[in-house]
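The values are calculated or read from the model by the stated rules, or taken from the named source; none is laboratory data. Given the structure is predicted, the values throughout are model-derived calculations rather than measurements. Accessible surface areas use protein heavy atoms only, side chains included; no ligands, DNA or RNA. Shrake-Rupley method; radii C 1.70, N 1.55, O 1.52, S 1.80 Å.
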Amino acid sequence: MNTLDTIVNEFSRPAVVALTIRNKASLYAAYIPWVRNGGIFLPVDKPVHLGDDVLLILTLMDEPAKISVAGHVAWITPLNAHGNRPAGLGVQFSDNLPMRELRKRIENLLAGALQSSKPTHTL
């Protein structure tokens, strides 16, 4: 990596993506409980790399407030993935208090469903 690459990477901004999850079934399909700190799947085909920072503006079911979710790309599902899974990326939540609270809120909304064997967008 040359000096210019270092400067560009140092000042690059995270991708900003909006996601609205309207119901419990969609939340179950998108939530990624098995990554450290939890995460959420975004059905996008935007070119990204593992580790890229992402700022997600999340609207969660009937909640009126939008939630700012800071994280990074931990999972990429390419186009035409096995099992007809949608193309997209998994955003791992950052390790901070607001993201720990978001994880708890999501897991409370999914109470009991997390043990389901129904497929999700990632597994």
If you look at just the Cα atoms of segment 32-100, how large are its Rg and its Dmax in Å?
12.5, 36
Once you have the Cα-Cα distance between ARG100 and ALA87, take 0.36 nm times their residue separation minus that, and quote the gain in nm to one decimal.
2.0 nm
Expected output is a single nm value to one decimal: the length gained when fully extending between LEU50 and LYS66, i.e. 0.36 nm times separation in residues minus the C-alpha distance. What is it?
3.2 nm
Using a 1.4 Å probe on heavy atoms of the protein chains only, the accessible area for ILE76 in Å², nearest 10, reads 80 Å²
